[in-house]
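These notes concern the structure reproduced below.
The values are calculated or read from the model by the stated rules, or taken from the named source; none is laboratory data. Here the structure is a predicted model, which means the values were calculated and not measured. Ideal geometry is used to build each Cβ from the backbone, glycine not excepted, and the neighbour counts take in all protein chains shown. Note: areas computed on protein heavy atoms with side chains; ligands, DNA, RNA excluded. Shrake-Rupley method; radii C 1.70, N 1.55, O 1.52, S 1.80 Å.
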Amino acid sequence: MHHEINLDKLDQLKKGDPENMLEALSGLPTQCQDAMQRARAVNISFAADFKNILVTGLGGSAIGGDFLRVYGYRKCTLPILVNRDYNLPSFVNEQTLVLAVSYSGNTEETLSAYEEAKLKKAPIVALTSGGQLAERAKKDGIPLILIPSGLQPRAATGYLFLPLLVVLEKLSLLSDIAAEIEETIAGLADLSKAISAQVPTENNPAKQLALRFYNKIPVIWGVVGTTETVAMRWKGQINENSKALAYFNVLPELNHNEIVGTEVPEKFLRELEVVFLRTEDDHPRVQKRFDITKEIIGERVGGISEVWGDGKNPLARMFALTYLGDCTSAYLALLYGIDPSPVKLITLLKNKLAELPEA
Ligand code: F6R
């Protein structure tokens, strides 16, 4: 099959990736270390008796909230919600910890939610690389975790997720996280070597997956409570990096609806490349569901495979799979001859909205 770029020719990879997305991705382990240091250095304490936690943000800045929500499912006694909107849910009050996250600091939905959180007297922490959010947090005397600018938000996941863990630890809403985080970062450093541009396709699982997805529609199936955010992330990364359509869903829910939709139209079903994201943390009955689902739909779709997240703890496994998906999506972009970095359609939409009068 013809590809625009040979993934094993480093000069072609470099030419196809002028804004260095692959390099930014390979820096994730170092970014995670820096993110931890920056967050730990900020003084955060509130007198509030917290009842719930809300992360507000969009796109690459919201997904850290979803990782936190899944992580917190096992470890945090308070409910964690993610808000991707201008407004806040009505339960938010002075007992809600609001984490306002925007990489650029200029996302209008997040700024609007920040203002509403202030009106509701919720304790707020801001996480941003600058922009309006940084300015407002400084002016309002709100704890501010500043991260470096110059990355695409989706290449800043370490900066946009780990500080949220640190904030919760500082407020005694999470405990004993240090060892898990260290193991996660060490696992990412090992994986970085295994899936980097220098490793040829025959030994590189990210390049192999990109080839499977080429000229197909990726369908990513994860598991609620373990890899649900990872599956959403794979879809988003294929959209934003590869500029391609992709879909995701989770077990066990998809066994109650989506699986039935694999009968027609046959010609499109053959174009689907289904990937199961699996970890040892999945419920034993869900493990069986994967096997049976594979048996049932195996003949109907174009391709089906499984990827297992390895690591020393659930966080490490979740991030190993995330990182694999990130690199896969960048290689897929390059196979199509597409620059993984710019997201012209998001920029176009934001510019068109900025021209309109404020509501
Ligand atoms: C990801 C990306 C978008 C932004 C989103 C919100 O790389 O470009 O998903 O994350 O448009 O913008 P920020 O993150 O600046 O608040």
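Sorted from largest to smallest, which semi-axis lengths in Å does the alpha carbon gyration tensor of the stretch 10-153 give for its equivalent ellipsoid, taking the root of 5 times each eigenvalue? Show your work: numbers first, answer last.
Details: eigenvalues 170, 55, 44 Å².
They are 29, 17, 15 Å, listed from largest to smallest.
For the chain, what does -39500 (n - 2.57) per DSSP helix run (n ≥ 4), summed and divided by total residues, give at 222 nm, in deg cm²/dmol to the nearest 500? Before the final figure, lay out each step's value.
On the way: 14 runs with 166 residues, N = 359.
So the calculated ellipticity at 222 nm is -14500 deg cm²/dmol.
Residue farthest toward the positive end of the dipole of the stretch 1-87, with Cβ of Lys/Arg at +1 and Asp/Glu at -1: which of 81, 50, 62?
50
Ordered by residue, what ³J(HN,Hα) values in Hz, to whole numbers, does the stretch 47-64 give under the Karplus form 6.51 cos²θ - 1.76 cosθ + 1.60, where θ = phi - 60° and Gly and Pro are x?
Listing the rounded values in order: 7, 5, 9, 5, 10, 7, 10, 10, 9, 10, x, 9, x, x, 8, 8, 5, x Hz.
Need one number: the % of Cα-Cα pairs in the stretch 243-330 sitting beyond the 20 Å mark.
On the way: 1517 of 3828 pairs.
When all Cα pairs of the stretch 243-330 are counted, 40 percent exceed 20 Å.
What's the angle, to the nearest 10 degrees (0 to 90), between helix 108-119's Cα axis and the longest principal axis of the chain?
Value to nearest ten degrees: 30.
Considering only 74, 40, 278, give the residue with the highest GNM mean-square fluctuation for the chain, with springs between Cα atoms whenever their separation is below 10 Å.
With Cα springs under 10 Å in the chain, the top fluctuation among 74, 40, 278 is at 74.
Would you kindly derive the ³J(HN,Hα) couplings of the stretch 298-307 from the backbone phi angles with the Karplus curve 6.51 cos²θ - 1.76 cosθ + 1.60 (θ = phi - 60°), listing them in order in whole Hz, with x for Gly and Pro?
These are the phi-based 3J(HN,Hα) values: x, 7, 8, 9, x, x, 8, 8, 10, 10 Hz.
Sort largest first and round to whole Å: the equivalent ellipsoid semi-axes of the stretch 76-230, each the square root of five times a Cα gyration tensor eigenvalue.
Numbers: eigenvalues 224, 68, 59 Å².
Semi-axes (√(5λ), whole Å): 33, 18, 17.
Considering only protein heavy atoms, what is the solvent-accessible area of residue 233 at a probe of 1.4 Å, reported in Å² to the nearest 10?
Accessible area, nearest 10 Å²: 10 Å².
Along the Cα→Cβ direction, 7 angstrom out, place labels at residue 203 and residue 135. What is the inter-label distance in nm?
Between residue 203 and residue 135, the label points sit 5.1 nm apart.
Can you tell me which lysines have their Cα less than 18 Å from the Cα of residue 118? Leave out same-chain residues fewer than eight positions away.
Straight-distance partners of residue 118: 51, 138, 139.
Percent of Cα-Cα pairs more than 19 Å apart in the stretch 284-359, please. Could you put the intermediate results ahead of the total?
On the way: 1881 of 2850 pairs.
Pairs farther apart than 19 Å: 66 percent.
Using θ = phi - 60° and the Karplus relation 6.51 cos²θ - 1.76 cosθ + 1.60, list the HN-Hα couplings for the stretch 243-251 in order, rounded to whole Hz, with x at every Gly or Pro.
Once rounded to whole Hz, the list reads 6, 10, 6, 7, 9, 9, 7, 10, 8.
Hey, can you grab everything whose amide H is under 5 Å from the amide H of residue 304? Only 5+ residues off in sequence or another chain; H modelled, so Pro and N-termini drop out.
Sorted by chain and number, the residues that satisfy this are 274.
For the pairs 14/193; 75/121; 15/267; 9/243, flag any whose C-alpha to C-alpha distance is greater than 24 Å.
Details: 14/193 18 Å; 75/121 27 Å; 15/267 35 Å; 9/243 22 Å.
Beyond 24 Å: 75/121; 15/267.
Let me see the P(r) profile for the stretch 211-359: every Cα-Cα distance counted, bins of 5 Å, each bin given as a percent of all pairs.
Percent of pairs per bin, in order: 2, 9, 17, 19, 18, 14, 9, 6, 3, 2, 0.
Whose amide H sits under 5 Å from the amide H of residue 217, counting only residues 5 or more places off or on another chain, with H placed in the peptide plane?
Sorted by chain and number, the residues that satisfy this are 272, 273.
Determine, from the Cβ-Cβ distance of residue 149 and residue 74 and an R0 of 35 Å, the FRET efficiency 1/(1 + (r/R0)^6), rounded to the nearest 0.05.
Working: r = 33 Å, r/R0 = 0.95.
My answer for the efficiency is 0.60.
Which of the peptides 341-352, 168-179, 22-33 is most tightly packed, and how do the rest follow, going by the mean number of other Cβ atoms within 10 Å of each residue? If you can, show how the numbers build up before the last one.
Numbers: 341-352: 12.6, 168-179: 15.2, 22-33: 19.5.
Ranking, from highest mean packing down: 22-33, 168-179, 341-352.
Quick one: which residues, 5 or more positions from residue 122 or on another chain, have an amide H under 5 Å from its amide H? H modelled 1.01 Å from N in the peptide plane, none for Pro or chain starts.
Correct list: empty.
Stretched out fully, how many nm does the piece from residue 46 to residue 175 gain, at 0.36 nm a residue minus the Cα gap? Please report the intermediate quantities before stating the final value.
Working: separation 129, 0.36 × 129 = 46.44 nm, distance 1.71 nm.
Residue separation times 0.36 nm, minus the Cα-Cα distance, leaves 44.7 nm.
Taking the chain as the reference, fit the longest principal axis to its C-alpha atoms, fit the long axis of helix 284-297 to the helix C-alpha atoms, and give the angle between the two in degrees, 0 to 90, nearest 10.
The helix 284-297 is inclined about 40 degrees to the chain.
Which semi-axes, in whole Å and largest first, does the equivalent ellipsoid of the chain have when worked out from the alpha carbon gyration tensor as the square roots of 5 times its eigenvalues? Before the final figure, lay out the partial values.
Working: eigenvalues 224, 109, 85 Å².
Taking √(5λ) for each Cα gyration eigenvalue gives 33, 23, 21 Å.
For the chain, set up a Gaussian network in which alpha carbons nearer than 10 Å are linked by springs, and say which option among 183, 94, 263 fluctuates the most.
Comparing 183, 94, 263 in a Gaussian network model of the chain, the most mobile one is 263.
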